[in-house]
Amino acid sequence: MNIHEHHLKSPTQIITTQLGIPQEYKQHCIKEIYSLGDSMNQQTNVKAIMSSYKIWEETNILNQLINNIKITIDECYPPKNKKFKYNLVDAWSAIYKKSHYTIPHNHLPFQVSFVYYLQSSGYTPLVFDECNFQINPTDDMLIVFPSNLIHSVPEHTEENDRICLAGNLSWTFF
């Protein structure tokens, strides 16, 4: 696994990596995300088609993907204090059709957030507003970042949908 670390303002660290999820399984996940539809009616920061925050309660098809993301975060973004481990608090899907966007926000009080791209045009970035930094995601890319970073998505201008799974993790003492 190739991990790319983006140090913006020390100790801020954003990590990107490709998960290597098989295309057939990704397509199965995408089909399931479309079938879930819009649970939030654009009442959150995400002005797109969004599932509930507990997507694993709506379907078990994404459980393998969620587990793979959690394992990858544990490996490439470990807590600095070895007395803690990450606990997945929530995860949701988002489908960005043309003209959809996300307003600037952060994910406090959580410690780590992620976005995994099942399908991305590569042209609509994930923007880290305060850091003056953006990532143009590609299919199968996982982006992991501190939850306190303000981020947004500009208006999606492509015809192809941008489909992602996002979530938050908190520290748990063990």
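So, in the stretch 90-133, of the ones that are among the hydroxyl-bearing types (Ser, Thr, Tyr) and surrounded by fewer than 18 Cβ atoms within 10 Å (Cβ to Cβ), which residue ends up farthest from Glu158 (Cα to Cα)? Filtering first and then ranking leaves Tyr101. When the stretch 136-174 is examined, which residues are found to be of a type in the set (Val, Ile, Thr) and modelled with pLDDT under 95? Correct list: Thr172 only. In the stretch 87-113, the qualifying residues are those that are of a type outside the set (S, T, N, Q) and touching a helix residue (DSSP H, G or I) at 6+ places or on another chain (Cβ under 6 Å), and the one that is farthest from Leu142 (Cα to Cα) is Pro104. Scanning the stretch 22-49 for residues that are among the polar types (S, T, N, Q) and either part of a loop (DSSP other than H, G, I, E, B) or on the phi > 0 side of the Ramachandran plot (or both) yields Ser39, Asn41, Gln42, Gln43, Thr44, Asn45.
When each of Phe133, Phe84, Phe114 is tested for being of a type in the set (A, V, I, L, M, F, W, C), out of contact with any Cys (no Cβ under 7 Å at 6 or more places or on another chain) and under 23 Å from Ile49 (Cα atoms), the lone residue that passes is Phe114.
Among the residues examined, His100 does not qualify as out of contact with any Leu (no Cβ under 7 Å at 6 or more places or on another chain) and under 17 Å from Pro146 (Cβ atoms). Search the stretch 37-50 for residues that are touching a residue at least 40 places away in the same chain (Cβ under 8 Å) and within 14 Å of Ser99 (Cα to Cα) and pair each with any residue that is in a strand (DSSP E or B) and of a type in the set (Ser, Thr, Tyr) when their beta-carbon atoms are under 8 Å apart and the residues are at least 6 apart or on different chains. Within 8 Å, the pairs are Val46/Thr102; Lys47/Tyr101; Lys47/Thr102; Ala48/Tyr96; Ala48/Tyr101; Ala48/Thr102; Ile49/Tyr96. You will find that of Ile143, Ile135, the residue that is out of contact with any Phe, Trp or Tyr (no Cβ under 7 Å at 6 or more places or on another chain) and of a type in the set (Val, Ile, Thr) is Ile135 and no other.
Residues in the stretch 101-136 that are part of a loop (DSSP other than H, G, I, E, B), in contact (Cβ under 8 Å) with a residue 60 or more places away in the chain and not polar (S, T, N, Q): His107, Pro109, Phe110.
The residues in the stretch 57-71 that are assigned to a helix (DSSP H, G or I), surrounded by fewer than 16 Cβ atoms within 10 Å (Cβ to Cβ) and not aliphatic (A, V, I, L, M) can be counted, and the count is 4. Only a single criterion out of (1) crowded, with 19+ Cβ neighbours inside 10 Å; (2) within 15 Å of Ile143 (Cβ to Cβ); (3) at pLDDT below 95; (4) not basic (Lys, Arg) is not satisfied by Cys76, namely (1).
Checking the stated criteria, Asp74 turns out not to satisfy the condition of being closer than 24 Å to Phe174 by Cβ, in a strand (DSSP E or B) and charged (D, E, K, R).
The values are calculated or read from the model by the stated rules, or taken from the named source; none is laboratory data. What you see is a predicted model, and the numbers here were worked out from it, not measured in a lab. All Cβ positions, even for glycine, are placed from backbone atoms using ideal geometry, and neighbour counts span all protein chains on display.
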